[in-house]
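Quick notes on the structure that follows.
The values are calculated or read from the model by the stated rules, or taken from the named source; none is laboratory data. Just so we're clear, the structure is a prediction, and the values are computed from it rather than from any experiment. Cβ atoms come from the backbone with ideal geometry, glycine included; neighbour counts cover every protein chain shown. Areas reflect the complete protein model, heavy atoms only, side chains present, ligands, DNA and RNA absent. Shrake-Rupley method; radii C 1.70, N 1.55, O 1.52, S 1.80 Å.
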Amino acid sequence: MAEDEKKRRAEKTISALQARLGKRTIQRGVEQVEQTIPFIPTGFAELDEALEIGGIPHGRISEIIGIPTSGMATIALKIIANAQESGKTAVYLDLSQSFDPDYAARCGVEMRQLIVIRPYRPRQALAILQDFILD
């Protein structure tokens, strides 16, 4: 098959897909735009560097998971403390019902400003979080 024929078939396929699915579905030569993503530092320089943006994205839900004693609670609490220092509000979802306010305070969390959610069921947690996201 000649090169011109391949190009014509590709163009025809692209046009058909754009007509059926919308012009934004398939684009060519998309300009690369450098975005700066707002972030909250984790409090751990090596982790912030590994995350490439300097911390966790601000304004998005971040899930921190790990086995017990892996440091996940410490990381979450340090992030919350950093968010609070810059005037932001943080919500801590305590699915395991194991939140320790004394340890949180020792990690720098201002307990009077923290919102702790302790749902009875995971589905209830999703409903509560959805209300926070929409507000």
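Things to note:
- Taking all protein chains as shown and a probe of 1.4 angstrom, R118 keeps an accessible surface of around 110 Å².
- Helix-only mean residue ellipticity at 222 nm for the chain, each DSSP H run of n ≥ 4 adding -39500 (n - 2.57), per residue, nearest 500: -13000 deg cm²/dmol
- Cβ crowding within 10 Å averaged over residues, with 102-109, 121-128 ranked highest first: 102-109, 121-128
- The Rg/Rh ratio for the range 79-135, using Cα coordinates for both the radius of gyration and the Kirkwood hydrodynamic radius, is 0.99.
- Taking GluC sites (Glu not before Pro) in DSSP loop states with no more than 15 other Cβ atoms inside 10 Å as exposed sites, the chain has its longest site-free stretch at 64-109.
- Accessible-area composition of the chain, carbon plus sulfur, in percent [1.4 Å probe]: 52
- Evaluated with a Cβ-only charge set (Lys, Arg +1; Asp, Glu -1), the range 16-104 carries a dipole of roughly 780 debye about its Cα centre, given to the nearest 20.
- In the full protein context, the chain carries 80 Å² of accessible surface per residue, based on a 1.4 Å probe and ignoring ligands, DNA and RNA.
- Accessible area (Å², 1.4 Å probe, nearest 10) - S15: 70
- To the nearest ten degrees, helix 72-85 and the longest principal axis of the Cα atoms of the chain are 90 degrees apart.
- Cα-Cα pairs of the chain separated by more than 20 Å (percent): 61
- When the chain is described by a simple charge dipole with +1 on each Lys and Arg Cβ and -1 on each Asp and Glu Cβ, the residue from H58, T89, I133 located farthest towards its positive end is I133.
- D_trans [Stokes-Einstein, Kirkwood Rh over alpha-carbon pairs] for the range 7-69, 10 °C, 1.306 mPa s, µm² s⁻¹: 101
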